[in-house]
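Down below is the structure, laid out as structure tokens.
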Amino acid sequence: MTESASTNPAARIGHESEVPPRQSYSQPPAPPGDLSVRTLIDETIGSRNLLQRTLRIRGHGEFVTPPASEEVLYLVEGSAWLSSDQEGGGNPLWPGTAVLVPPGRGYALSSTGPEQVTVVSILAPPPGSGLQDRGAMARSIGMAHEDQAEAIPAGGDRSFKVLIDPSRGSRLVTQFVGFIERGQAPLHHHDYEEAIYVLGGTGTAHVREESEPVRPGSSIFLPPGTPHCLENTGDEVLKLLGVFSPPGSPAAKRQPG
């Protein structure tokens, strides 16, 4: 991960290939290589509210959401079956599926096809941060798919679809997918902390006075108040997965002044 500007050392633009995978094993232990985890955003780069990881699974993986965190998942590629330690049955997942996992919930992801399953996970807040009031936290797993979400115009050739937010039980985050057809948005900033993962297309992230190319697998961390914009420089739609905390609207932005 690279620092985006010396005046704001907490803003980061990087790519997951820069982070070595950590082998993690399900219970009972899975063969080495069946599950790998890359942590792209955490407290070591200044994030207070969000921890972003990619999970890659061949076969089966078991996880536990920390007792004081919400977790939102997004299936990038592959197909999987999601089961929980507190809910019977299970649910199929396919690309574009979003999942809200309540605090303290154990869950398992099992691949149902020959391809590797890739999931982007966000924990909010990161483990160890703690919460004073958990009374309004979700108690059951929630799901949404981007195909069923409303496309909301964001100006110009840009739009977004909200997947997980307080209307689906989240207390701490909003998760959305964004689409930039061409060009770039005006430079702006938000009052919330944001983690972005590039799902498709190519472009440039402009953060403060620096610019970095981005492609699928790129990760961008933006602390509150960081001027930024994203530009589509390719022939395909630039597709982004965004999660921010505290929750709100992806359209809520301020122009530099």
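Here are some notes:
- Test: residue in the stretch 63-82 that is surrounded by fewer than 18 Cβ atoms within 10 Å (Cβ to Cβ), outside any loop (DSSP other than H, G, I, E, B) and either assigned by TED's automatic domain parsing to the domain that holds A185 or at pLDDT below 95 (or both): yes
- Of the residues making up the stretch 137-157, those that are of a type in the set (D, E), surrounded by 15 or more Cβ atoms within 10 Å (Cβ to Cβ) and part of a loop (DSSP other than H, G, I, E, B) number 1.
- Close pairs (7 angstrom Cβ cut-off, 6 or more residues apart or separate chains): touching a residue at least 60 places away in the same chain (Cβ under 8 Å) and under 15 Å from G14 (Cβ atoms) in the stretch 183-211, surrounded by fewer than 19 Cβ atoms within 10 Å (Cβ to Cβ) and charged (D, E, K, R) anywhere: A205/E212
- Residue pairs whose Cβ atoms lie under 9 Å apart, separated by 6 or more positions or on different chains, with the first residue in the stretch 49-66 and in contact (Cβ under 8 Å) with a residue 24 or more places away in the chain and the second part of a loop (DSSP other than H, G, I, E, B) and aromatic (F, W, Y), are N49/Y192; G61/Y25; E62/Y25.
- Cross-chain or 6+ apart pairs with Cβ under 9 Å, the stretch 145-158 first and on the phi > 0 side of the Ramachandran plot, then part of a strand (DSSP E or B) and β-branched (V, I, T): G156/I180
- Total residues in the stretch 225-251, condition in contact (Cβ under 8 Å) with a residue 40 or more places away in the chain, surrounded by fewer than 22 Cβ atoms within 10 Å (Cβ to Cβ) and among the hydroxyl-bearing types (S, T, Y): 2
- Residue under evaluation S211, criteria (1) surrounded by fewer than 15 Cβ atoms within 10 Å (Cβ to Cβ); (2) in a strand (DSSP E or B); (3) modelled with pLDDT of 95 or more, criterion not met: (3)
- Enumeration of residues in the stretch 136-152 that are at pLDDT below 90 and within 25 Å of S47 (Cβ to Cβ): A136, M137, A138
- One residue alone among G106, G78, G46, G90 is touching a Phe, Trp or Tyr at 6+ places or on another chain (Cβ under 9 Å) and free of Cβ contacts under 8 Å to residues at least 12 places away in the same chain, and that residue is G90.
- Boolean, S167 is surrounded by fewer than 16 Cβ atoms within 10 Å (Cβ to Cβ) and polar (S, T, N, Q): yes
The values are calculated or read from the model by the stated rules, or taken from the named source; none is laboratory data. Quick caveat: nothing in here was measured; it's all calculated off a predicted structure. Neighbour counts run over all protein chains shown; Cβ positions are idealised from the backbone, glycine included.
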